[in-house]
Amino acid sequence: MTHRAAAGHPGGSLSEIDILVALYSTRLRIDPKQPDLVDRDRFILSKGHASPGMYAVLAEHGFFPHKELESYRVLGGICQGHVDMKWTPGVDFSAGSLGMGLSFGIGCAHAARLDDSERTIFVMLGDGELQEGSVWEAAMAAAHHELGNLKVFVDRNRIQNDDFIDAQMRMFDVAAKWRAFSWAVKEIDGHDMEDILKGLEWMDGITDGPAVIIAHTVKGKGISYMENNPAFHGAAPSDEQLLQGLTELGVEV
Amino acid sequence: MAASRDGYGQALLEMIDDKEVVVLEADLGKSTKSLHFRNARPERTISCGIGEQNMMLVAAGLASSGYTPFASTFAIFTERAFEQIRNGIARPNLAVHICGSHGGVHTGTDGSSAQSIEDLAIYRTLPNMTVMHPCDDVSATVLTKQCRNLAGPSYMRTARNKTLVLYDGREDELEIGKGVVHRTGVDVAIIACGVLVAKALEAAEILSADGIEASVVDMHTLKPLDEDLVAKLTTQCGCVVTAEDHLLIGGLGGAVAEFLVSNLPAPLERVGVNDRFGESGQAEEMLDLLAINTADIVAAATRAISRKKL
């Protein structure tokens, strides 16, 4: 997708992808035939620039034909540059501006509670995104309101737009920050499927307040020249790089 | 005399049995008057603490799930969440209704930090957004309740201090997007909003004593502007005065100017705050200091008429 569009965000799409696959395959109670059903689980991709990862999973789960992936960043296409609820079936939040998804998820969680519904609200945040102060307004609010139906992942890939997070604005102990905001916190390897599934089970058991999993991930996971390389936060691979990347991922080309 | 913020509180109270209505507060429920709803329906009132950015997006999440949120704080503090409103509410066209109280220099002694004089301009810039500034408590109640029928988001500024009640028994004349003619004259059309509607009516009486007859309109909705009414009055009177407790840039005067210059060029004099901030003072003192009181509307009308005769 990013190669075709000659733009976009491959690195963060690959760091989040294993968690998305696990969520869509094992947890989310959603129906691609009724993407707007009110009483469905929500998945809010707050780091909305990592849209190629989400579009691929949505297509795989039948929300739209794979052919539509070619419309990524193309005029009139359903796959907008950043995920957008008004354009793409299966997208629950119009993201693109960082620091907003958790608050929106809190609204969805309140609605589920008012509806007396069992539905669960999942939110994925980027770690760079945690630099936005409004995330912590939201973290405080979710704990205050004891939103046990709100489950959050932090994609801890340690890289943001310009550089490594440690060079831009250090996070120090991310888990300790969430604990200090009275969240249930667990750390996992965000590329180890067994660890991810165990994490989801752990989340299921937290019902008296919000839960967050800090998922340690690798930006550009699976493609040697992208892995842990800040240059691939927001850059598309060349023809040659595409071929190499797909080969490394085991895709027949 | 009553304050339009009380009208907002009254509207929420009248909607307590509407199960889709939820109210969001950012610590200022006692001031914006959402507290009455909270007292009646605590389970449908969400406290967001002093966190406006979060509040606006929580409201968006509720709207996306089928609820109709009414979120209020001071007008000035809604602006802190402008980008959340832009990207999280207006862009996906979610029916979140924002009430900014204590707008304008009329707010008084709290001083310039609390006196939003730019809110109407900045919310007018957002696609999908309805922008209102009612002039009394009755119209604030009626228009707030009508928001329930809007398909998209809205912003309403209410005032802290009491003003003349103009709509008691005239509730049926109010409709979002339609200005209300309070006085008919053929010499000048005075189009006002908010706390300056009562001042415009006073100004019209003073002008009348000098043999000048003014039409006076309460343009409670700035966006969408009632262009038909502006066109009709401009044709009828040949010149226009706008009056608002807001900057001259981008508010009611800006909206009317934008319409007239493209459609029906006519002399227009705008009464508003001229590119400066307010300060501490009583409401009336502030209107005098910033030259947006009754006498200033009279003077603007005289200027507009003289331009017409050139």
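One residue stands out among those in the range B:22-33 that are outside any helix (DSSP H, G or I) and touching a residue at least 60 places away in the same chain (Cβ under 8 Å): the one that is farthest from the other protein chains (Cβ to nearest Cβ), which is B:Lys33.
Listed by position, the strands (runs of 3 or more DSSP E) contained in the range A:142-223 that have at least 3 residues being of a type in the set (Lys, Arg) form an empty set. Of the numbered criteria (1) part of a helix (DSSP H, G or I); (2) open to solvent by less than 40 Å² (accessible area, probe 1.4 Å), the one A:Lys47 fails is (1). Of the helices (runs of 4 or more DSSP H) lying entirely inside the range B:40-147, those containing at least 3 residues that are within 23 Å of A:Gly105 (Cβ to Cβ) and open to solvent by 10 Å² or more (accessible area, probe 1.4 Å) span B:52-64.
The set of residues in the range B:274-302 that are within 19 Å of the chain's Cα centre (by Cα), open to solvent by 80 Å² or more (accessible area, probe 1.4 Å) and not acidic (Asp, Glu) comprises B:Asn274, B:Phe277.
Exactly one residue out of B:Ala299, B:Ala257, B:Ala283 is under 21 Å from B:His220 (Cβ atoms) and free of Cβ contacts under 8 Å to residues at least 24 places away in the same chain: that is B:Ala257. None of A:Leu147, A:Leu125 is open to solvent by less than 50 Å² (accessible area, probe 1.4 Å), under 20 Å from A:Val21 (Cα atoms), more than 10 Å from every other protein chain (Cβ to nearest Cβ) and of a type in the set (A, V, I, L, M) except A:Leu125. Residues that are in a loop (DSSP other than H, G, I, E, B), in contact with a helix residue (DSSP H, G or I) (Cβ under 8 Å, 6 or more places away or on another chain) and within 8 Å of chain B (Cβ to nearest Cβ) occur in the range A:100-109; there is at least one.
Residue-level analysis places A:Glu227 outside the set of residues that are of a type outside the set (Lys, Arg) and surrounded by fewer than 16 Cβ atoms within 10 Å (Cβ to Cβ). Residues that are farther than 16 Å from B:Ser47 by Cα and away from chain A (no Cβ under 14 Å) within the range B:66-96 comprise B:Ala75, B:Ile76, B:Glu79, listed in sequence order. Checking every residue in the range A:2-24 against the condition of being open to solvent by 50 Å² or more (accessible area, probe 1.4 Å), under 26 Å from A:Glu194 (Cβ atoms) and either under 9 Å from the mean Cα position of the chain (by Cα) or at pLDDT 95 or above (or both) gives at least one match.
The values are calculated or read from the model by the stated rules, or taken from the named source; none is laboratory data. Treat the numbers as computed from the prediction; the structure is a model and nothing was measured. Virtual Cβ from ideal backbone geometry, glycine too; neighbours counted across all protein chains shown. For accessibility, only protein heavy atoms count, side chains too; no ligands or nucleic acids. Shrake-Rupley method; radii C 1.70, N 1.55, O 1.52, S 1.80 Å.
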